[in-house]
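Structure first, commentary second.
FYI, it's all coordinate maths here, none of it is from the lab. In this text the structure is predicted, and so the values were computed from the model without any measurement.
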Amino acid sequence: MLAKRIKNGYYSVSIEETKFVIIRQNMAAQNRSSRQPGPLSGALGRVIKSAGLTDKYHGWMVVTQWAKIVGPDLARVARPERYDDGTLIVAVPDASWRQELSMKQDELLEKIRSHPYGKSITRIRLIQGGKGTDRNGH
């Protein structure tokens with residue numbers, strides 16, 4: 001027993017015993033707080049990182065946030081098809097758009113890489129046609 005009852009409800013406790021009790025209480029409180037539910041995004045990020053999928057995840061985040069990254073005008077014409085090992089494959093409606101964007105490829109890559117998820121993109125490959133594009137960029 002840590003405390004010794006003296007009389008009239010008073011207890012005698014040594015300093016070492018008090019430190020021990022406080023430390024145990026703090027540890028118990030920490031264990032309880034660590035079991036509290038946290039945001040799912042943090043857990044998802046840890047799972048993605050531990051599975052070695054960070055680059056792929058970031059590449060696909062660029063695909064899903066394309067319009068936000070490049071702007072609505074370019075997003076209407078050029079659509080990301082997929083991400084593959086550092087390369088973002090972007091579909092354009094015709095050869096003239098492919099030529100136009102190939103001349104601006106360095107500028108476009110810099111814009112993408114300035115986005116938080118864009119660091120995983122090392123190259124842009126432009127393809128003609130693809131899903132969701134027509135001659136008018138629709």
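Working note: Karplus 6.51/-1.76/1.60 with θ = phi - 60° gives the range 94-104 the couplings 7, 5, 5, 5, 4, 5, 4, 6, 5, 6, 9 Hz, where Gly and Pro are set to x.
Using C-alpha pairs under 8 Å with a sequence gap of at least 6, the mean separation divided by the residue count of the range 53-128 gives a relative contact order of 37 percent.
For Arg82, the residues whose amide H sits under 5 Å from its own are Ile89, ignoring neighbours fewer than 5 places away on the same chain, with H placed 1.01 Å from N. For the range 53-128, the square roots of the Cα gyration tensor eigenvalues, ordered a ≥ b ≥ c, give a/c of at least 1.5 with a/b greater than b/c, which places it in the prolate category.
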